[in-house]
Amino acid sequence: MRLRLPEERPAEPPTGYKIAHPMLSQDGSRAGFTGVSLGGALPYGVLDEARCVYGLRHRSPARLCDCGFHCVHDRPSAEALLCTAEHRAAVLLEVSVLGSYIRFELGFRYARQRVRCATVGPCACGAAALALADAGWGRPGWRALAAACAGCVRGRTSLSLPSFARLAGEGLR
C-alpha cells in the first residue's frame, strides 16, 4: 500500500518565511545561503532544488524522510527564530515554495524554492548594517557572512548588500 498525499494546485506559488546564513564562495564568484538546522551543511542558491541531507536517492520531500527545504507560513514566526543566540546573525528570507510540497500546521516542507527577498538585521554593535562581512566560520569552500556596519567591517572580506544580491542573482532583493 502506498501513502498518497493530497494535491493542491494553487494559482501562484505559496509564500513562506525562513532564516538562513548568507554565504560567499571561497573564490568570491557565488553567493547563497545555508540553513540553520538540518540542512546547514549544504549551501544553496537563490533558485535551487532540495537534496536529501542523508544522501538517500529519493525526490524531496519524501514523506518518510526529513529532507527538503523548510519554511513557516508567516513572517512573525520566522522573526521569532532570530531571537535565539545562535541565530542572531542569520537573515530573514521570503521564499516562493515551488514544486511538490507537504503542508504542516506551521509551514511547508518542499522540493524547490526561489528566495525573493532577504532582510538583514543590524550589526552586532547595534548600528545599521551596510555590508555582509566574514563571520569567522563557514563550510568547505564557503564563508559565512554576517551583517556589519562600516566601523565593524575593518578589513574583513565583505560585500555591500546590493553586491551580495547581484552576485546571488535570480532577482534577489
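The values are calculated or read from the model by the stated rules, or taken from the named source; none is laboratory data. As the structure is a computational prediction, the values presented were derived from the model and not from experiment. Because the Cβ atoms are built from the backbone with ideal geometry, glycine has one as well, and the counts that use them run over all protein chains shown. Side chains are part of the model used for accessible areas, which takes the heavy atoms of the whole protein and leaves out ligands, DNA and RNA. Shrake-Rupley method; radii C 1.70, N 1.55, O 1.52, S 1.80 Å.
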What pairs come out if I take residues in segment 126-150 that are free of Cβ contacts under 8 Å to residues at least 60 places away in the same chain and pair them with residues that are surrounded by 14 or more Cβ atoms within 10 Å (Cβ to Cβ) and among the aromatic types (Phe, Trp, Tyr) whose C-beta lies under 9 Å away, six or more apart or interchain?
Ala131/Phe164
Identify, by number, the condition in (1) in contact with a Gly (Cβ under 8 Å, 6 or more places away or on another chain); (2) within 30 Å of Cys123 (Cα to Cα); (3) free of Cβ contacts under 8 Å to residues at least 12 places away in the same chain that Asp27 doesn't meet.
(1)
Filter segment 8-36 down to the residues that are part of a loop (DSSP other than H, G, I, E, B) and in contact with a strand residue (DSSP E or B) (Cβ under 8 Å, 6 or more places away or on another chain), then identify the one that is modelled with the lowest pLDDT.
Glu8
Subset of segment 48-65 [part of a loop (DSSP other than H, G, I, E, B) and touching a residue at least 40 places away in the same chain (Cβ under 8 Å)]:
Ala50, Arg59, Ser60, Pro61, Arg63
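Of all residues in segment 100-122, count the ones that are within 14 Å of Ala62 (Cβ to Cβ) and either surrounded by fewer than 21 Cβ atoms within 10 Å (Cβ to Cβ) or small (Gly, Ala, Ser) (or both).
So the count comes out to 3.
Tally the residues that are open to solvent by 70 Å² or more (accessible area, probe 1.4 Å) and closer than 9 Å to Arg109 by Cβ, restricting the search to segment 51-79.
2
Just checking, which of Leu145, Leu161, Leu132 is in contact with a His (Cβ under 8 Å, 6 or more places away or on another chain) and modelled with pLDDT of 95 or more?
The conditions single out Leu145.
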Is there a residue being of a type in the set (Val, Ile, Thr) and either part of a helix (DSSP H, G or I) or closer than 30 Å to Pro14 by Cα (or both) anywhere in segment 101-108?
yes
Have a look at Arg166, Arg156, Arg173, Arg143 and point out the one that is part of a strand (DSSP E or B) and open to solvent by 40 Å² or more (accessible area, probe 1.4 Å).
Arg143
